[in-house]
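Asker: Handing you a structure now.
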Amino acid sequence: MTPKTISILKNPHPKSHIVYPYGDEEHIAEAVGIFAAAGLSSNESVVLIATAEKQHAIERRLREEAFDVEELQREGRLTFLNADVLLTKLLGYESPDLAKFQAIVGPIIIAAKAKAPSGRVRLYGEMVNLLCGKSDLEGAAHLEDLWNQTIEMYSVPLLCSYSNDLLHPHESTGLPQRLLGLHSDIAA
């Protein structure tokens, strides 16, 4: 990982939308661990929307950095949400619009901000990666648009992760490049 990538992960500006393309699970756990640890060390709250597998790897990383994961969760400064479950809730709407998205995500951000001594929150999400894995590139682009509006509304940085396997341009749509273009920073 380059010094520039580490800097982006540790010090995101409040409205940044960072994408981290990764090759394997260990790399993404390391990147999210750096992102989360820096936020927690700065008295921010951290909300991690991850699959169960990534949650365990991220928890392990945070423990290695001497964070008391259980205590942070009790305090409301560290929140893990299951990406598959949250995505299913969002997809329960035919096509989530900003109001529907905010009805689900907004209270999560507001609660996390209230628990942060600094009043700041960092988010990590991999729901778009899940949609890409299902070849729902239009849904993925729509979800990224909703995240961009949310980032602007709540002034929170968001770290997304995409598997390198999913970033090869689809010949008919070119959407992966469009997806990457919906981010303010690429941490690679």
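Asker: Explain nothing, just compute: Karplus ³J(HN,Hα) = 6.51 cos²θ - 1.76 cosθ + 1.60, θ = phi - 60°, for every residue of the stretch 19-25 in order, whole Hz, x for Gly and Pro.
Answerer: Here the 3J(HN,Hα) series is 10, 10, x, 10, x, 8, 4 Hz.
Asker: Among the listed pairs 15/113; 10/113; 4/113, which are separated by more than 23 Å between their Cα atoms?
Answerer: Numbers: 15/113 15 Å; 10/113 18 Å; 4/113 27 Å.
4/113, as the Cα separations exceed 23 Å there.
Asker: Can you give me the P(r) profile for the stretch 3-167? Cα pairs, bins 5 angstrom wide beginning at 0, each as a whole percent.
Answerer: 1, 9, 19, 24, 22, 15, 7, 2, 0
Values quoted throughout were computed directly from the atomic coordinates according to the rules given, and no laboratory measurement underlies them. Remember, predicted model here, so these are calculated numbers, not experimental data.
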